[in-house]
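The values are calculated or read from the model by the stated rules, or taken from the named source; none is laboratory data. Everything numeric in this text was worked out from a predicted model, so none of it was measured. Note: ideal-geometry Cβ built from the backbone for every residue, glycine included; neighbour counts use all protein chains shown.
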Amino acid sequence: MESQNRISWLTAITMAMIVLFLDILSVIPLANYVAYGIYLLLFPMWFAIVGAPYRAKSWGWTFGLSIISILPIVSVLPELTFNVVRHILSVWKEDKEHNKQVENARAS
């Protein structure tokens, strides 16, 4: 087994900046549909390319947050950014646990 680091800091910052731009764009009426469409096309594919695809739990968060974005007052919250950062943090946590197992296997 080999240690893994599927999402680097540079990739995480780039993802966060792009999704934050989409969140800012989604404040504009009707542009929120375009921003959400770009999000649904870009980020699942991007996470799959780096080896950290969305799982059922992540898709649940995505569609739950899309319902929140329909509500008038709550729609100004950066729900897309929250979802991407949440997924990045969960991937980093999985990688850290995997790397700890690899270190323990090498030590024994």
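Table for the structure above
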read-out: Lone unmet requirement of (1) in contact with a helix residue (DSSP H, G or I) (Cβ under 6 Å, 6 or more places away or on another chain); (2) among the small types (Gly, Ala, Ser); (3) at pLDDT 85 or above for Ala48; value: (1)
read-out: Some residue of the range 17-30 being in contact (Cβ under 8 Å) with a residue 60 or more places away in the chain and either of a type outside the set (D, E, K, R) or at positive phi (or both); value: yes
read-out: Residue within the range 4-14 that is surrounded by fewer than 14 Cβ atoms within 10 Å (Cβ to Cβ), part of a loop (DSSP other than H, G, I, E, B), hydroxyl-bearing (Ser, Thr, Tyr) and free of Cβ contacts under 8 Å to residues at least 12 places away in the same chain present; value: yes
read-out: Filtered residue count, the range 25-46, keeping only those that are over 19 Å from Gly64 (Cα atoms) and either among the basic types (Lys, Arg) or part of a helix (DSSP H, G or I) (or both); value: 4
read-out: Matching residues in the range 41-50 - criterion: being within 17 Å of Arg86 (Cα to Cα) and either touching a strand residue (DSSP E or B) at 6+ places or on another chain (Cβ under 6 Å) or free of Cβ contacts under 8 Å to residues at least 12 places away in the same chain (or both); value: Pro44, Met45, Ala48
